[in-house]
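Just so it is clear, none of the values below were taken in a lab; they were calculated from the coordinates. This structure is a prediction, so every number in the text was calculated from the model and none was measured. Backbone-built Cβ (ideal geometry, glycine too); neighbour counts: all protein chains shown.
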């Protein structure tokens, strides 16, 4: 391997999402969710240091020396003229350098291309409050945020300000004007950038990640002063997201934090990226929209667990739980039963939900076969 770009060219050609470099193994690619080794040679310490230097600028080399890890964006042009943009994390493990790179498309995919529900169109056009996208690393949070911003950019004459670590998707002015600030390059901290945003006349602020109480506080303040704030958090579902935000605060401040959250949160969208039948991946989602009842459950710590019940009863308003969404994908033939069961918040509850719907469908078919006409759901306690 002459240059790190040799591996990245292969990565782009094979449609891999991530590439991993480390001492004692060849570069690995993640394709459709699975890691597999490449045909390149096993990397030595010296070769890993050389790869790091190829990716880093002198300023970033210094930061790596000081902090032992660094995030930034990297771009290349392939021999056939294609452009590649990567989110890079270089870090030290067992005293040696390692790196993980994620390919970020130049083209921002639409909601339809990402298999996202149409309710995201409605949420993207909100005027104020906080919309939070949550999930583990690699669940599609950043791409979903970029798609939401692009949806607004095509429709509203507003000022969109982003604060990212690093900038992943490069956004261009359309109907909106957009300014993007990168941590460590354009600003020193999320909190500083959010506070500075109050003097920069934004309508929408994208905060790459809420990492600490100071960033959460600044996000609350931005929302309370009439801005729409889009942000992410590394949590698994809606209830865990609410608990994580509250846990940023000491006990004596948690009641106040609950009130601020209930007043500002517009929606929480939790994501899990799953293997799709026939290849590729698609998201499963849990969606909470704030209603009067949900505000009450956020403010009262003893009722927070009831939010899931409120979501189950709020499907007419666009809400849905993970297990219900997984069942929908399974019934549509887009994921296997095993995939749905493995991704379910509660495999036991998912089995019960699937059995309940199967029993209901069997009753409907029995009445159709028995009567051949009329309303097959009459007397079954509900409609289709």
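Write down the percent of antiparallel bridges among all DSSP beta bridges whose residues are both part of the chain, to the nearest 5.
Among the beta bridges of the chain, antiparallel pairing accounts for roughly 60 percent.
Can you pull the three principal axis extents for the Cα set of the stretch 44-84, in Å, largest first?
Extents along the principal axes: 37, 23, 14 Å.
Could you order peptides 3-14, 210-221 by the average number of other Cβ atoms within 10 Å of their residues, highest first?
The densest-packed peptide leads the list: 210-221, 3-14.
Nearest 10 degrees is fine. How inclined is helix 347-371 to the longest principal axis of the chain, computing both from alpha carbons?
The two axes meet at around 40 degrees.
Counting helices only, and only those DSSP H runs with n ≥ 4, report the 222 nm mean residue ellipticity of the chain as the sum of -39,500 (n - 2.57) divided by its residues, in deg cm²/dmol to the nearest 500.
My calculation for the chain gives -11500 deg cm²/dmol from helical runs alone.
Please work out whether the stretch 251-338 counts as rounded, prolate or oblate from its C-alpha gyration tensor, where a ≥ b ≥ c are the square roots of the eigenvalues and a/c under 1.5 means rounded, while otherwise a/b larger than b/c means prolate and anything else oblate?
prolate
How high is the relative contact order of the stretch 242-343, given as a whole-number percent (alpha carbon pairs under 8 Å, six or more residues apart)?
Result for the stretch 242-343 is 25 percent.
Before anything else, pin down the relative contact order of the stretch 119-343: Cα pairs under 8 Å, at least 6 apart, normalised by residue count, whole percent.
The value is 21 percent.
Quick one: 25, 181, fewest Cβ neighbours within 10 Å first, how do they rank?
Listing 25, 181 from fewest to most nearby Cβ atoms yields 25, 181.
Taking Cα centroids, how far is the stretch 119-133 from the stretch 1-72 in Å?
Cα centres, the stretch 119-133 to the stretch 1-72: 36 Å.
Just want to confirm a number: the relative contact order over the chain, from Cα pairs under 8 angstrom separated by 6+ residues, in percent.
About 11 percent, as a whole number.
Can you list the equivalent-ellipsoid semi-axes of the chain, largest first and in whole Å, using the square root of 5 times each Cα gyration tensor eigenvalue?
Three semi-axes, in Å: 39, 29, 20.
Once the convex hull of the alpha carbons of the stretch 186-312 is built, what does its volume come to per residue, in cubic angstrom?
131 Å³
Mind checking the angle between helix 213-224 and the chain's longest principal axis? C-alpha axes, 0 to 90 degrees, to the nearest 10.
Value to nearest ten degrees: 60.
Could you check which residue among 142, 270, 262 shows the biggest mean-square fluctuation in a GNM of the chain with a 10 Å Cα cutoff?
Of 142, 270, 262, the Gaussian network model singles out 262 as fluctuating most.
Calculate how large, on average over all directions, the projected area of the Cα convex hull of the stretch 4-104 is; give the answer in nm² to one decimal.
6.3 nm²
Given the options 229, 23, 77, which has the most mean-square fluctuation in a GNM of the chain, springs set between C-alpha atoms less than 10 angstrom apart?
77
Stretch residue 67-residue 244 to full length: gain in nm at 0.36 nm per residue minus the Cα-Cα span?
61.1 nm
To the nearest 10 degrees, how steep is helix 322-331 against the longest Cα principal axis of the chain, on a 0 to 90 scale?
80 degrees
For the stretch 119-343, just the Cα atoms, rotate onto the principal axes and tell me the three extents in Å, largest first.
50, 43, 29
Which whole-angstrom value gives the distance between the alpha carbon centres of the stretch 156-182 and the stretch 191-270?
Comparing the Cα centres of the stretch 156-182 and the stretch 191-270, I get a distance of 19 Å.
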